[in-house]
Amino acid sequence: MQTDRRSMAEMVRNREPVTVEAGATIRACCALMHRHRIGAVLVVEGGRLAGIFTGRDAVRALAEGLSSETPVASVMTIRPVTISARETALDALRTLNDAGFRHLPVVEDGRILGIVSRYDFRACEHGRLDEETGFFETMR
C-alpha cells in the first residue's frame, strides 16, 4: 500500500478522541489538553460534534480577559471542518495546509472517530504534499 494512500480510519484506529461537553469550562479543557499532551479537544452536544477547542482558542480567550470558568461553547470554533474516514492522509494534509489548521476531526455518518494533527503524519506524506505544492507553484 502506498503511504500517501493511508486512510483516516487507519490513522485514528485504536485512538480514543478526547471530548468534552459544551458546558465544560475553559479551565477544564486546558487541564485535559495538558494532561493528554494534545493541542485540541472535540466539543460534543448530544454525542455529536459541536465544535473544537484548541490552544489558539485558549490564548484568544485569555487575551480577551475571559474567565477560566467561561463555558467552552462560547469560545470554541463551531462547525469545524471535518474529514471522512475514507479520505487519505494526503487529503487531510491538503485540507490542513489549505485552511491553515493544525487539527482535523475525523467524522463518519455523524459519529466522531478521532482527530488528527499535523504531527500525526509521516515524513513521506509531508514530502508528497511538498512535491504537489511545488508542482502547482511552477504551473502558475
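Every condition in (1) free of Cβ contacts under 8 Å to residues at least 24 places away in the same chain; (2) over 26 Å from R6 (Cβ atoms) is met by G51 except one, and the failing one is (1). Can you find a residue that is under 21 Å from L32 (Cα atoms) and either of a type outside the set (S, T, Y) or modelled with pLDDT of 95 or more (or both) anywhere in the stretch 86-99? Checked the stretch 86-99: no residue is under 21 Å from L32 (Cα atoms) and either of a type outside the set (S, T, Y) or modelled with pLDDT of 95 or more (or both). Suppose the filter is out of contact with any Asp or Glu (no Cβ under 6 Å at 6 or more places or on another chain), surrounded by 11 or more Cβ atoms within 10 Å (Cβ to Cβ), modelled with pLDDT of 90 or more and not aromatic (F, W, Y); does L129 pass it? So L129 does not fit the description; no.
Candidates in the stretch 1-23 are the residues that are closer than 16 Å to I115 by Cβ and at pLDDT 95 or above; of these, the one that is farthest from the chain's Cα centre (by Cα) is V20.
Return yes or no: is A50 of a type in the set (A, V, I, L, M), modelled with pLDDT of 90 or more and assigned to a strand (DSSP E or B)? Criteria met by A50. Selection of first residues in the stretch 60-79 that are on the phi > 0 side of the Ramachandran plot and of second residues that are part of a helix (DSSP H, G or I), restricted to Cβ pairs under 7 Å at least 6 apart or on distinct chains, gives an empty result. Scanning the stretch 70-102 for residues that are farther than 12 Å from G51 by Cα and not in a loop (DSSP other than H, G, I, E, B) yields a total of 14.
The values are calculated or read from the model by the stated rules, or taken from the named source; none is laboratory data. Owing to the predicted nature of the structure, the values given are computational and were not obtained by experimental measurement. Note that each Cβ is placed from the backbone with ideal geometry, even for glycine, and that neighbours are counted across all protein chains shown.
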